[in-house]
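Asker: Below is a structure I'd like to ask you about.
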Amino acid sequence: MINIRDLRIDPASLGAKKLLVDIVPVYEYKNNQRTDEVVAHRYIVALPELRLEKIGVKIDGKQLMDKPDGFAEVEFTGLEVSAYEAQGHTQITAKATGVMLVDKAKQTH
């Protein structure tokens with residue numbers, strides 16, 4: 001039987017625009033206890049093509065940009081989207097290897 005964790009969702013299904021609205025730290029856990037060590041950051045983006053639904057995209061390591069005032073359009077590198085089941089509900093999770101402001105991305109292409 002296929003495990004839902006083994007399926008990958010096409011990142012294009014999130015839409016072309018991703019509007020960064022928040023950045024939150026992800027802490028390391030040891031023995032089911034949260035430590036003070038930040039191991040990643042979750043970039044919360046609103047998706048205009050999906051009724052402004054939000055998704056958090058986890059990127060390991062240090063924070064790559066400052067939280068915007070309001071929102072800023074961003075682009076992710078190495079974006080992967082998948083699903084998992086928790087407490088009887090299907091959840092969506094996303095991770096990436098990098099993030100940049102769209103304006104800066106257009107200048108380098």
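Asker: Using the Cβ atoms and a cut-off under 13 Å, what net charge is assigned to the surroundings of GLN63, where Lys and Arg are +1 and Asp and Glu are -1? If you can, show how the numbers build up before the last one.
Answerer: Working: positive: ARG42, LYS58, LYS62, LYS67; negative: ASP22, ASP60, ASP66.
Summing Lys and Arg as +1 and Asp and Glu as -1 gives +1.
Asker: Just the Cα atoms of the range 46-93: what Rg and Dmax do they give in Å?
Answerer: 13.1, 36
Asker: What distance in nm lies between label points placed 7 Å from Cα along the C-beta direction at LEU101 and MET1?
Answerer: Once both label points are built, they end up 4.9 nm from each other.
Asker: Quick one: of LYS18/LYS67; LYS62/LYS95; LYS17/LYS62; LYS54/LYS95; LYS18/LYS58; LYS17/LYS54, which pairs are farther than 18 Å apart, Cα to Cα? Let's see the in-between values first.
Answerer: Numbers: LYS18/LYS67 14 Å; LYS62/LYS95 14 Å; LYS17/LYS62 24 Å; LYS54/LYS95 14 Å; LYS18/LYS58 14 Å; LYS17/LYS54 12 Å.
As for pairs spanning more than 18 Å Cα to Cα, those are LYS17/LYS62.
Asker: Let me ask another. Of THR97, THR35, THR77, which has the largest mean-square fluctuation in a 10 Å C-alpha GNM of the chain?
Answerer: Looking only at THR97, THR35, THR77, the biggest GNM fluctuation is shown by THR35.
The numbers here are math on the coordinates, done by the rules we state, and not lab data. Just so it is clear, the structure is predicted and the values come from calculations on it, not from any experiment. As a convention, Cβ positions derive from the backbone with ideal geometry for all residues, glycine included, and neighbour counts pool all protein chains shown.
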